[in-house]
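Enquirer: Okay, handing you the structure first.
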Amino acid sequence: MIGDSFTSADTSTPLLTGDIVEGVSDYNGRPVERSNFGGWRSASFIIGVEVAERFAYFGVSSNLISYLTGPLGQSTATAAANVNAWSGAACLLPLLGAFVADSFLGRYRTIIISSCVYTLAIGLLFLSVVLPSDGFSDSSSPPLVKIIIFFFALYLVAIAQGGHKPCVQAFGADQFDAQDPKECKAKSSFFNWWYFCVCGGTGVTTIIMNYIQDNLSWGLGFGIPCIVIICALVIFLLGTKTYRFGTTSVGRRSSFSRISLVFIKAARNWQIKEEVHGASEQFRFVNKALLQSLDDSNKVDHTCTLEEVEEAKAILRLVPIWGSCLIYAIVFAQANTLFTKQGVTMNRSITPSFNIPPASLQCFISLSIIIFMPIYDQIFVTRTRAITGKPSGITMLQRIGFGIFLSIVSISIAAIVERKRLLTAFQYGLIDKPKETVPMSIWWLVPQYMLFGISDVFTMVGLQEFFYDQVPLELKSVGLALYLSIFGVGSLLSSLLISVIETITNRDGRDSWFSNSLNRAHLDYFYWLLDGLSMFAFIVYLYIARRYIYYNHRGKGTII
């Protein structure tokens, strides 16, 4: 049966005589020869399906706030909170999808099922948009049935991405053997070029789809992503016979079961005073799982192995890094919400007859990544590798930290530009004319987008590689889901923060920071608040990162 996990190999087929890749098989469960399976050929199919999936996802998400404040008639604060809540769900659900994939279905089958759910979800979005309003309500607001179908379909997209997103990237990285020096370097480059291709697809999406949605029709704007996701599934299936699939041993418990048992045993034995030898000193309370104890029937309970204890510690080590990156994720959430609303009020004309859709400026994030990623991979890594001797040039945590610093600079620029926009609106008497265009070019927003794109090259890709690398071998999908959950929780925190600030600043009839009339709002204050929070989080991150012990998949940690 096709999948990622097998109880045994097909022994009726002779073993290959070439360079066998240990621990992997083909789609029939047979051992694979390195030259015939996996590598960049297989990764190309998987990157292709991810580019198509990102096209579909951003075809829905990048301009979502415009649909909510336009056809659905929501306020700026409500729409921003709804977008952040949905984005949060979309980034948290991969935890569930990764659990299902790593414990039951396998990554291959999870990707196929998720693609089918994706097709259904975007098809329902298309239906909700083209469904006629006549006969449903006499009110000028959209009929309730359209709203229900729309939000049901929207969260179905989040569910589909929950199964698709962590599995595709982990499955792609699985095509490279970490034990082979040449393929180990290729795997590091894989994360760079993965993000490069994905951002290229995203950039095309934000230009083409946002124009179609703003100037042609929302029906067409949601119909095209539905077709694209079907094509993505076809691309993925075409590469089936080239993929490497992982194998598991008969009778071996899943990583979830092993790690859960470690914490249960450690909690049960916490009062035992016996010393534990042989385990690492960090999180010493977990070492209690190595001690024997009696269960409820006074029988000697199962004792965890040293390997299982170190696996559990590897997961615990990720928690402080995860928490210290949440503010970065809150800043990240503003790129497709409040940054877009800024652009709506500004001069967007390129020619006398053409105005650039404000959400299309998100393409500059992708453009800066496309430009800078080859420089990083081919020049920066090569130069720093010669100095440090590390295959990736700098450590993963150093890469993440530098990107967080750049995001602080980016949100500072956003605050300065927004302040200038407000002063321009005041100078031209447009404070009480929200529908008038502020005579300030939308190109003023480009620096904050591009700098944020460069920060993504460091932090986003660094987090992907870090959370893939620093988990046990059987939990790679979960590792990438943990990385995505940073942005899920960050989006939810952004939604909560906006709602709280909206309530506080809207008292006594005052204009809130997120007033529907942006010329009376104070997005600049909000950006400066995020800037202060980011600087505090950056200091905390540096403290944690300097003390982090890397997990080397052999049961021992190393400080790097």
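Enquirer: Considering only segment 518-530, how many residues are open to solvent by 10 Å² or more (accessible area, probe 1.4 Å), within 18 Å of residue 413 (Cα to Cα) and either assigned to a helix (DSSP H, G or I) or out of contact with any helix residue (DSSP H, G or I) (no Cβ under 8 Å at 6 or more places or on another chain) (or both)?
Expert: Qualifying residue count, segment 518-530: 3.
Enquirer: Of all residues being more than 11 Å from residue 191 (Cα to Cα) and among the hydrophobic types (A, V, I, L, M, F, W, C) in segment 465-483, which is surrounded by the fewest Cβ atoms within 10 Å (Cβ to Cβ)? Just the residue, please.
Expert: Going through the qualifying residues, I end up with 473.
Enquirer: Residue 462 is checked against (1) small (Gly, Ala, Ser); (2) within 30 Å of residue 167 (Cβ to Cβ); (3) open to solvent by 10 Å² or more (accessible area, probe 1.4 Å) and fails just one. What number does that condition carry?
Expert: So the condition that residue 462 fails would be (3).
Enquirer: Restricting to segment 67-123, name every residue that is under 21 Å from residue 472 (Cα atoms) and without any contact (Cβ under 8 Å) to a residue 24 or more places away in the chain.
Expert: 104
Enquirer: Looking only at segment 423-449, which residues are in a helix (DSSP H, G or I) and surrounded by fewer than 19 Cβ atoms within 10 Å (Cβ to Cβ)?
Expert: 423, 424, 426, 427, 443, 446, 447
Enquirer: Determine the pairs where a residue that is open to solvent by less than 10 Å² (accessible area, probe 1.4 Å), located within segment 152-168, has a partner that is among the basic types (Lys, Arg) with Cβ atoms under 6 Å apart, the partner being 6 or more residues away or on another chain.
Expert: Final answer for the pair search is 167/107.
Enquirer: To continue, here is another question. Limited to segment 484-517, what total is found for residues that are out of contact with any Cys (no Cβ under 7 Å at 6 or more places or on another chain), among the hydroxyl-bearing types (Ser, Thr, Tyr), in a helix (DSSP H, G or I) and open to solvent by less than 10 Å² (accessible area, probe 1.4 Å)?
Expert: Total meeting the criteria: 1.
Enquirer: Would you be able to tell me the number of residues in segment 509-541 that are of a type in the set (Asp, Glu) and within 16 Å of residue 329 (Cα to Cα)?
Expert: 1
Enquirer: I'd like the full set of residues that are charged (D, E, K, R) and without any contact (Cβ under 8 Å) to a residue 40 or more places away in the chain, limited to segment 348-389.
Expert: Answer for segment 348-389, where residues must be charged (D, E, K, R) and without any contact (Cβ under 8 Å) to a residue 40 or more places away in the chain: 383, 385.
Enquirer: Step by step: first the residues of segment 401-411, then only those that are under 24 Å from residue 203 (Cα atoms) and among the small types (Gly, Ala, Ser), then the one that is surrounded by the fewest Cβ atoms within 10 Å (Cβ to Cβ). Which residue is that?
Expert: Across segment 401-411, the extreme among qualifying residues is 403.
Enquirer: Could I ask something else about it? Regarding residue 341, is this residue of a type outside the set (A, V, I, L, M) and buried (at least 16 other Cβ atoms within 10 Å of the Cβ)?
Expert: So residue 341 fits the description; yes.
Enquirer: Look at residue 345 and say whether it is in contact (Cβ under 8 Å) with a residue 60 or more places away in the chain and in contact with a Ser or Thr (Cβ under 8 Å, 6 or more places away or on another chain).
Expert: Against the criterion (in contact (Cβ under 8 Å) with a residue 60 or more places away in the chain and in contact with a Ser or Thr (Cβ under 8 Å, 6 or more places away or on another chain)), residue 345 qualifies.
Enquirer: Please pick out the residue among 457, 471, 461 that is outside any helix (DSSP H, G or I) and of a type outside the set (Ser, Thr, Tyr).
Expert: Being outside any helix (DSSP H, G or I) and of a type outside the set (Ser, Thr, Tyr) holds for just one of 457, 471, 461, which is 471.
Enquirer: Are any of the residues in segment 274-284 of a type in the set (A, V, I, L, M, F, W, C), modelled with pLDDT under 85, under 20 Å from residue 475 (Cβ atoms) and under 29 Å from the mean Cα position of the chain (by Cα)?
Expert: Scanning segment 274-284, I find at least one residue that is of a type in the set (A, V, I, L, M, F, W, C), modelled with pLDDT under 85, under 20 Å from residue 475 (Cβ atoms) and under 29 Å from the mean Cα position of the chain (by Cα), so the answer is yes.
The values are calculated or read from the model by the stated rules, or taken from the named source; none is laboratory data. Owing to the predicted nature of the structure, the values given are computational and were not obtained by experimental measurement. Neighbour counts run over all protein chains shown; Cβ positions are idealised from the backbone, glycine included. Ligands, DNA and RNA are excluded from the accessible area calculation, which covers all protein heavy atoms including side chains. Shrake-Rupley method; radii C 1.70, N 1.55, O 1.52, S 1.80 Å.
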